[in-house]
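Worksheet: one structure, shown below.
The values are calculated or read from the model by the stated rules, or taken from the named source; none is laboratory data. Small disclaimer: the values here were computed from a predicted structure and weren't measured. Quick reminder, even Gly has a Cβ in these numbers, built from the backbone with ideal geometry, and neighbours come from all protein chains shown. Side chains included, ligands, DNA and RNA excluded: accessible areas come from the protein's heavy atoms. Shrake-Rupley method; radii C 1.70, N 1.55, O 1.52, S 1.80 Å.
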Amino acid sequence: MPEYVKRIIRTLEDRGYEAYIVGGCVRDGMLGRQPEDWDVCTSATPEEIKESFSDVKTVDTGIRHGTVTVVIDHEPVEVTTFRTDGKYSDGRHPDKVQFTKDLTGDLARRDFTMNAMAYGPEGVIDPFGGLADLTNGVIRCVGDPVKRFQEDALRILRAVRFASVLGFEIEKSTEAAISRFAGIVRYVSTERINTEFSKLILGKNAGKILTRYREEIMEATGPELPLPTMLGKIDLLPAELPVRLVLLYPANLKDCLKGLKYDNATIKKAAAIDALAGEPLPFDEVSMKKLLRKDGPEAVRGSLEICRTFDVDTSDAKAMLADILDSGQCYSLDQLAVTGADLNMAPGPEVGQVLNGLLDAVIEGRVENDKEKLLKEVR
Ligand code: ATP
Ligand code: MG
């Protein structure tokens, strides 16, 4: 546990409150994985949390839901009062939360047994058999899956996401409820769906899980997914969002990604990869450099990866790409050995035209990328 988390626990305990790390960080710690974030739960009320940390920065992240973010050494930690959640009648937010003095009540509101463990001075607190499920690689709802999914349908997608990321199996009654209720995930906000879906498709078992739960995932997220033979190939791709999204949505890529509320940068990268993947492979260094100049190395590399999933032999193109990048050969204006300032020209569009002309000459091998030689070429 990092020092800043220990300090938060110690501070709360010194004031007579209970305090534990809880949820994902306990799970990841036991799996030997680096937790993404550290969450603390405590018997202190939000006001008491703020009082306890009056000497450091705190943010009222969700006072109504009992969460105060405590910032120590620039590291934010969410500190949340023990609570039980009411019903989620809109499938999105608990209608009301109730603070409780009882850790077990707080653990009971959590989604899966492996996420319902806390760790404190007495060691691991595990009222729902999370440790056994973690050891056996099982994802199981805390309590009745039907009820838990009706309270918050996002849990359906979270189950599938964890199966993909951790390589776990979903327990039978949890799985049956997933199949039955996948359709209600649609009522959850697209932003929450996007977060889980993105983690799902980057998981080490993405191919297997997308194939196995294809119907359910389509019901939950909306757009059609390719057939299983194609889906399985996602594991051949690097764990990067844009390239994996290109494989998943071969038709109407942009519309699908907009519908799923991906950010513009991701959509742009995916669209560039998609467009390039539809063109013939570059067959020599000049055409490769022209592609690099137009779309950048990330898109070119991504498009080669996509071509490979269609069983195209990309080995020559890949070797050529690696060679150009590793040896630092010039394909872009910022690698050119002269800049606009070297040209002694009045500022204006002509400067760009001259520089681009020089870059053409360098890429086509007519001039070396050397300042003197380039300036001579201009004269
Ligand atoms: P990650 O590694 O992606 O952060 P996580 O399990 O930590 O996974 P968080 O969203 O950080 O996910 O949530 C922290 C904890 O809060 C979970 O481990 C779980 O105990 C609880 N939790 C999160 N989302 C839900 C939910 N929709 N329903 C019930 N409990 C939830
Ligand atoms: Mg987390």
Step by step: first the residues of the range 218-232, then only those that are farther than 10 Å from residue 248 by Cα and of a type outside the set (A, V, I, L, M, F, W, C), then the one that is surrounded by the most Cβ atoms within 10 Å (Cβ to Cβ). Which residue is that? 221
Within 16 Å of ligand 2 (Cβ to nearest atom) and either farther than 25 Å from residue 188 by Cα or touching an Asp or Glu at 6+ places or on another chain (Cβ under 9 Å) (or both), is that true of residue 26? yes
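Among 191, 215, 196, which is part of a helix (DSSP H, G or I), surrounded by 18 or more Cβ atoms within 10 Å (Cβ to Cβ) and in contact (Cβ under 8 Å) with a residue 12 or more places away in the chain? Quick ask: steps written out before the conclusion?
On the way: 191 fails: surrounded by 18 or more Cβ atoms within 10 Å (Cβ to Cβ); 215 fails: surrounded by 18 or more Cβ atoms within 10 Å (Cβ to Cβ).
One residue alone meets the criteria, 196.
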Tell me whether the range 118-134 contains one or more residues that are touching a strand residue (DSSP E or B) at 6+ places or on another chain (Cβ under 9 Å), within 16 Å of ligand 2 (Cβ to nearest atom) and either open to solvent by 10 Å² or more (accessible area, probe 1.4 Å) or under 20 Å from residue 205 (Cα atoms) (or both). yes
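Of everything in the range 25-40 that's surrounded by fewer than 21 Cβ atoms within 10 Å (Cβ to Cβ), not in a helix (DSSP H, G or I) and not acidic (Asp, Glu), which residue is nearest to ligand 1 (Cβ to nearest atom)? Spell out the reasoning first.
Taking the range 25-40 first, the residues surrounded by fewer than 21 Cβ atoms within 10 Å (Cβ to Cβ) are 28-37, 39.
Retained after the next criterion (residues that are not in a helix (DSSP H, G or I)): 32-37, 39.
This time we only want the ones that are not acidic (Asp, Glu), so: 32-35.
On the way: 32: 14, 33: 8, 34: 10, 35: 7 Å.
The residue in question is 35.
Report yes if some residue within the range 317-337 is outside any helix (DSSP H, G or I) and over 30 Å from residue 274 (Cβ atoms); otherwise report no. Before you say what the answer is, go through the steps one by one.
Residues of the range 317-337 that are outside any helix (DSSP H, G or I), as a first pass: 327-332, 336-337.
Now narrow it down to the ones that are over 30 Å from residue 274 (Cβ atoms): 337.
Taking every residue of the range 317-337 in turn, at least one turns out to be outside any helix (DSSP H, G or I) and over 30 Å from residue 274 (Cβ atoms).
When you look at residue 33, is it under 17 Å from residue 148 (Cα atoms) and within 16 Å of ligand 2 (Cβ to nearest atom), yes or no?
No: the conditions fail for residue 33.
Look through the range 98-117, keep the residues that are in a loop (DSSP other than H, G, I, E, B) and surrounded by fewer than 16 Cβ atoms within 10 Å (Cβ to Cβ), and return whichever of them is farthest from ligand 2 (Cβ to nearest atom). Let's see the steps before the verdict.
Keep residues of the range 98-117 that are in a loop (DSSP other than H, G, I, E, B), which gives 100-102, 109-111, 116-117.
With the extra rule that they be surrounded by fewer than 16 Cβ atoms within 10 Å (Cβ to Cβ), the set shrinks to 101-102.
On the way: 101: 24, 102: 22 Å.
Filtering first and then ranking leaves 101.
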Index of the failed condition, residue 87 passing every other in (1) within 12 Å of ligand 1 (Cβ to nearest atom); (2) among the basic types (Lys, Arg); (3) surrounded by fewer than 16 Cβ atoms within 10 Å (Cβ to Cβ); (4) in contact (Cβ under 8 Å) with a residue 40 or more places away in the chain: (1)
Check off (1) open to solvent by 50 Å² or more (accessible area, probe 1.4 Å); (2) within 16 Å of ligand 1 (Cβ to nearest atom); (3) part of a loop (DSSP other than H, G, I, E, B) for residue 61 and give me the number that stays unchecked. (3)
Whether any residue in the range 290-305 is at pLDDT 95 or above, crowded, with 17+ Cβ neighbours inside 10 Å and assigned to a loop (DSSP other than H, G, I, E, B) is what I want to check. no
